[in-house]
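Accompanying notes for the structure given below.
The values are calculated or read from the model by the stated rules, or taken from the named source; none is laboratory data. Keep in mind it's a predicted model, so treat the numbers as computed, not measured. All Cβ positions, even for glycine, are placed from backbone atoms using ideal geometry, and neighbour counts span all protein chains on display. Just the protein is used for accessible areas: all its heavy atoms, side chains included, with ligands, DNA and RNA removed. Shrake-Rupley method; radii C 1.70, N 1.55, O 1.52, S 1.80 Å.
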Amino acid sequence: MTKNAFVTIIGRPNVGKSSLLNALIGERIAAVSAKPQTTRTKITGVLTKGDTQYVFIDTPGMHRAKNKLSEHMVKTINDSVAELETALLVIDCTKGISEPERVLASEFSKRSHVILVVNKIDLLEDKSELIAKLSEYSQLYDFAEIIPVSVLEADGLELVMQAINKFAVEGPHYFPDDMLTDQPEKVIMAEMIREKALNNLNDEIPHGIAVTIESLNERTDSSGEDILDISATIYCERESHKGIVIGKGGSMLRKIGADARAELEAFFAIKVNLQCWVKVKEGWRNREALIKNFGLD
Ligand SMILES: Nc1nc2c(ncn2[C@@H]2O[C@H](COP(=O)(O)OP(=O)(O)OP(=O)(O)O)[C@@H](O)[C@H]2O)c(=O)[nH]1
Ligand SMILES: [Mg+2]
């Protein structure tokens, strides 16, 4: 007898949803950064453990639509709220609950099992504050469970898995047992590079960055070692941004490339030769066709 559990991860931007997804499945498939609105589309992460297959759906942080890209992100979230079975509502314990969570709670259906994950407890200096906070959160909705965690310190994750387990149902495994994600290889690669760019750049470059993989080629070098050649383009919105992404004497681009290469090599278990180019595409976030082009539809 096999079981499955479909679990949607929702919450405001920057609370740690993608970090939680990566921690639960044990691989860094989703881009994480300190900047809000890192996740742009739904990402499925799959974990098969014993008889049970867990399918996690990471969503973009909920926020108001400001341009076409945001509109797309908001729609992605609303679609998933309607079809929720089990959800992890993630909040940042230093920020607490406010209007966005209230709106969301009012949209949960009666059949949904919602587990409140109170993240970033490592940031609390006085842990006794937590008790009062947890009872305040319990007023919002009839949560299946309320679990304080620190994804950063891998604290409380086992409790989250135990809570999810209660809602696993008998049924088939919909994905191959060794599958990790529905993201095509090229999308994972592009996301890893975009994450490194976001992490290295200051806030002067807001969200106007997209990455596409132009070519992939696997070859064997003269010493018999396998090498993956990856050519990627980093798109930014303004000429002035291009200079920042490249950096003085190319230093920023080299740093982004080196960080990305290290992660690509670890993830794909092959030596990587990464070439990154920077191009300007003005206002790409507002152009429907370009958004589709970047695989965000
Ligand atoms: N201190 C601390 N930081 C954390 C923790 N979990 C995540 N973070 C950080 O919070 C930031 C946001 O994490 P993400 O996982 O990208 O957040 P998200 O909710 O997916 O954000 P969006 O995709 O923008 O909606 C990153 O800098 C993480 O390293 C935690 O337990 N403690
Ligand atoms: Mg995210």
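General observations
- Scanning the range 258-277 for residues that are buried (at least 16 other Cβ atoms within 10 Å of the Cβ) and either in contact with a His (Cβ under 8 Å, 6 or more places away or on another chain) or acidic (Asp, Glu) (or both) yields ASP259, GLU263.
- Residues that are near ligand 2 (Cβ under 8 Å from one of its atoms) and open to solvent by 30 Å² or more (accessible area, probe 1.4 Å), drawn from the range 21-36: VAL32
- Restricting the range 101-112 to residues that are more than 23 Å from the chain's Cα centre (by Cα) and in contact (Cβ under 8 Å) with a residue 12 or more places away in the chain leaves a set whose member that is most open to solvent (accessible area, probe 1.4 Å) is ARG111.
- Being in contact with a strand residue (DSSP E or B) (Cβ under 6 Å, 6 or more places away or on another chain), outside the structural domain of VAL90 (by TED's automatic domain parsing) and over 16 Å from SER19 (Cα atoms) is a condition met by no residue of the range 143-155.
- Only listed residue being in the same structural domain as CYS276 (by TED's automatic domain parsing) and open to solvent by less than 40 Å² (accessible area, probe 1.4 Å), chosen from ILE230, ILE246: ILE230
- Of all residues in the range 113-148, those satisfying the criterion of being within 16 Å of ligand 2 (Cβ to nearest atom) and either more than 23 Å from the chain's Cα centre (by Cα) or closer than 21 Å to PHE6 by Cα (or both) are VAL117, ASN119.
- Entry remark, the range 153-176: residues being in a loop (DSSP other than H, G, I, E, B) and either under 27 Å from VAL272 (Cβ atoms) or without any contact (Cβ under 8 Å) to a residue 60 or more places away in the chain (or both) number 5 in total.
- Residue check for GLY208: at pLDDT below 90, of a type in the set (Gly, Ala, Ser) and over 18 Å from THR41 (Cβ atoms): no
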